[in-house]
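Single-structure report; data block below.
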Amino acid sequence: MIRLGEKIKELRKNKNISQEVLANYLGVSFQAVSKWERGLLSPDIALLPKIAGLYRCSIDSLFSMDAVWGVEH
């Protein structure tokens, strides 16, 4: 299962966005984004809807929950 930081990094790179651009969009430092991506910290829960909106995905998919929940959910 992909961790949240790895997923944020993957989505950011797929959109060709730098850590600095993502950080500015979210109102955090680029160092915070770097720590998320390295698994040292996690983003504040209040930022999850904004991150999901930027990448046009669900919050569940940020946590790779779509694979866990399966078809029945």
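The values are calculated or read from the model by the stated rules, or taken from the named source; none is laboratory data. As the structure is a prediction and not an experimental result, all values here were calculated from the model. We work out accessible area using only protein heavy atoms, side chains counted, and drop any ligands, DNA or RNA first. Shrake-Rupley method; radii C 1.70, N 1.55, O 1.52, S 1.80 Å.
Of SER61, SER42, the residue with the largest accessible area leads and the full order is SER42, SER61 (1.4 Å probe). A 1.4 Å probe over all protein chains sorts ILE51, ILE59, ILE45 by accessible area into ILE45, ILE59, ILE51, starting with the largest. Take every pair of alpha-carbon atoms less than 8 Å apart whose residues are at least six positions apart; their mean separation over the length of the chain yields a relative contact order of 36 percent.
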